[in-house]
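Chemist: One structure coming up, written as structure tokens, with questions to follow.
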6 protein chains.
Amino acid sequence: MPYVNVRITKEPDTTPEKKAQVIEGITDVLVKVLGKNPNTTFVIIDEVEQENWGVGGVPTPVWRTRQK
Amino acid sequence: MPYVNVRITKEPDTTPEKKAQVIEGITDVLVKVLGKNPNTTFVIIDEVEQENWGVGGVPTPVWRTRQK
Amino acid sequence: MPYVNVRITKEPDTTPEKKAQVIEGITDVLVKVLGKNPNTTFVIIDEVEQENWGVGGVPTPVWRTRQK
Amino acid sequence: MPYVNVRITKEPDTTPEKKAQVIEGITDVLVKVLGKNPNTTFVIIDEVEQENWGVGGVPTPVWRTRQK
Amino acid sequence: MPYVNVRITKEPDTTPEKKAQVIEGITDVLVKVLGKNPNTTFVIIDEVEQENWGVGGVPTPVWRTRQK
Amino acid sequence: MPYVNVRITKEPDTTPEKKAQVIEGITDVLVKVLGKNPNTTFVIIDEVEQENWGVGGVPTPVWRTRQK
């Protein structure tokens with residue numbers, strides 16, 4: 001009965017289909033590697049506003065501008 | 001000074017009144033069982049979009065259809 | 001299928017019996033107030049070393065000395 | 001490569017500028033005190049609806065009224 | 001730069017090799033499905049004492065006895 | 001009443017003194033930037049076993065060897 005929390009920045013191209021694939025793929029890993037029961041495996045995705053996600057001491061939008 | 005994080009799927013019938021009852025009930029448990037001070041007990045409720053909560057390898061809406 | 005995370009400081013009198021009561025009490029709240037299924041309700045207790053838990057800008061042991 | 005999660009109640013005066021200062025300030029602490037690399041230091045701010053944040057056994061808006 | 005937190009009960013057969021496979025597998029999912037950069041993808045595994053993980057209103061060891 | 005969770009890899013040189021400085025420094029940021037009350041500001045530090053912290057698809061010890 002694992003609990004998995006995936007935290008990512010909110011992006012326009014994170015579609016419901018892709019989120020479903022993330023849920024399926026991570027559940028598969030826990031089933032295959034650790035023998036967990038998928039029916040009691042929770043995978044929760046948090047999509048975080050980019051201005052609330054800091055890296056390098058600055059919010060993500062600033063960070064991305066610097067990387068260019 | 002406990003910190004409690006309750007994560008549930010977002011449902012139309014999770015009213016402010018029910019959330020207040022969850023906060024009160026959980027705080028009571030920590031006060032009565034562990035002798036914690038309620039004034040420094042935080043209970044934070046996260047209501048997660050159903051398509052972001054996976055179980056059984058699929059998002060919750062798909063899971064619920066399968067259980068019927 | 002709620003997920004609840006209880007974080008408390010590590011204390012010598014937090015016995016397994018008391019932790020079981022916390023698990024039972026919190027699960028009861030979610031069942032009674034929100035109608036959740038207890039069999040898919042997880043309650044995870046994290047006991048945090050006191051020197052790793054800060055409040056008032058200082059670790060808990062220092063904080064407690066100040067409160068006396 | 002630290003991960004820092006800051007959880008606060010949602011307030012009208014938590015501007016993007018202040019959030020950027022929180023990200024910068026916390027990153028600085030980890031760089032200066034622990035020698036961490038800022039480029040792999042994540043600071044994620046969660047702004048929680050006040051009715052979902054309980055303290056003293058009640059939601060924050062009720063709590064604040066009582067403190068007056 | 002995703003952050004993934006995997007929480008599982010502490011089990012004697014969760015070897016370092018298996019944990020490395022979980023890290024690799026989950027990172028792969030995020031790279032392939034969401035196009036994330038693996039070098040800034042963190043996967044943190046928390047192994048929780050069984051008596052601290054509740055399900056069905058009881059600690060895991062009690063729960064497992066009931067399932068037999 | 002903010003809650004801050006700092007997650008770092010377990011390192012031999014993360015002394016209690018440095019952890020106290022992290023708690024003090026982060027609390028100061030929240031007090032100065034957001035006007036929070038330090039007495040209800042929690043800063044919890046989780047020191048994670050290096051083999052349980054993955055980056056680049058591998059556990060931290062492997063990652064560090066590759067960076068040399």
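Chemist: Antiparallel versus total DSSP beta bridges in chain F: what percent is that, nearest 5?
Modeler: Bridges in chain F are about 20 percent antiparallel.
Chemist: In whole Hz, what ³J(HN,Hα) sequence does the range A:56-68 give by Karplus (6.51, -1.76, 1.60; θ = phi - 60°), x for Gly and Pro?
Modeler: For the range A:56-68, the Karplus-derived couplings read x, x, 9, x, 3, x, 5, 4, 5, 5, 5, 6, 6 Hz, x marking Gly and Pro.
Chemist: A further question on this structure: Distances from D:D28 to the same position in the other copies: list them in nm, one decimal, shortest first, using label points 7 Å from Cα along Cα→Cβ.
Modeler: Those separations, rounded to one decimal, come out as 0.9, 4.4, 4.6, 4.6, 5.0 nm.
Chemist: Let me ask something else. Which residue in chain A puts its Cβ closest to the axis that rotates chain A onto chain D, and at what distance in whole Å?
Modeler: Residue with the nearest Cβ, plus whole-Å distance, for chain A: A:D46, 5.
Chemist: Given labels modelled 7 Å from the Cα in the Cβ direction, how far is it in nm from B:N37 to F:K10?
Modeler: Calculated label separation equals 3.1 nm.
Chemist: Can you give the charge dipole size of the range A:3-67 about its Cα centre, rounded to the nearest 20 debye, using +1 on the beta carbon of Lys and Arg and -1 on the beta carbon of Asp and Glu?
Modeler: The dipole of the range A:3-67 has a size of about 220 debye.
Chemist: Sort the protein assembly as shown into rounded, prolate or oblate with this rule: let a ≥ b ≥ c be the square roots of the eigenvalues of the Cα gyration tensor; rounded if a/c is under 1.5, and if a/c is not under 1.5, prolate when a/b is larger than b/c, oblate otherwise.
Modeler: Rounded, because the longest to shortest axis ratio a/c is under 1.5.
Chemist: May I pose another question? Evaluate the distance, in nm, between pseudo-label points positioned 7 Å from the Cα of A:K68 and of A:K18 along their respective Cα→Cβ axes.
Modeler: The modelled label-to-label distance comes out at 1.9 nm.
Chemist: Then there is this: Other chains' Cβ within 10 Å of A:7-19 residues: what's the mean?
Modeler: The shielding value for this peptide is 4.
Chemist: For chain C, with a Gaussian network of springs between Cα atoms less than 10 Å apart, report the residue from C:T27, C:T15, C:T41 with the top mean-square fluctuation.
Modeler: C:T15
Chemist: Under 8 Å for C-alpha pairs, at least 6 residues apart: give me the relative contact order for chain F, rounded to a whole percent.
Modeler: Once divided by the residue count of chain F, the mean separation gives 42 percent.
Chemist: For the protein assembly as shown, what proportion of DSSP beta bridges, expressed in % and rounded to the nearest 5, is antiparallel?
Modeler: DSSP beta bridges in the protein assembly as shown are roughly 50 percent antiparallel.
Chemist: Oh, and also: Please list, or write none, the lysines whose alpha carbon is within less than 18 Å of the alpha carbon of A:K19, excluding same-chain residues fewer than 8 places away.
Modeler: A:K10, B:K10, E:K32, E:K36
Chemist: When chain D is modelled as a GNM with alpha-carbon springs shorter than 10 Å, which of D:D13, D:D28, D:D46 fluctuates the most?
Modeler: The residue with the greatest mean-square fluctuation here is D:D13.
Chemist: When the Cα centres of the range B:8-59 and the range A:9-68 are compared, how far apart do they sit, in Å?
Modeler: Result: 23 Å between the Cα centres.
Chemist: Here is a further query. If one puts a single equal scatterer on every Cα of chain E and applies the Debye formula without solvent, what log₁₀ I(q)/I(0) results at q = 0.22, 0.28 Å⁻¹?
Modeler: The Cα Debye sum returns log10 ratios of -0.90, -1.14.
Where a number appears in this text, it was derived from the coordinates with a stated rule and is not lab data. Keep in mind that what you see is a predicted model, and the values were worked out from it rather than measured. Every residue, glycine among them, receives a Cβ derived from its backbone with ideal geometry; neighbour counts consider all protein chains shown.
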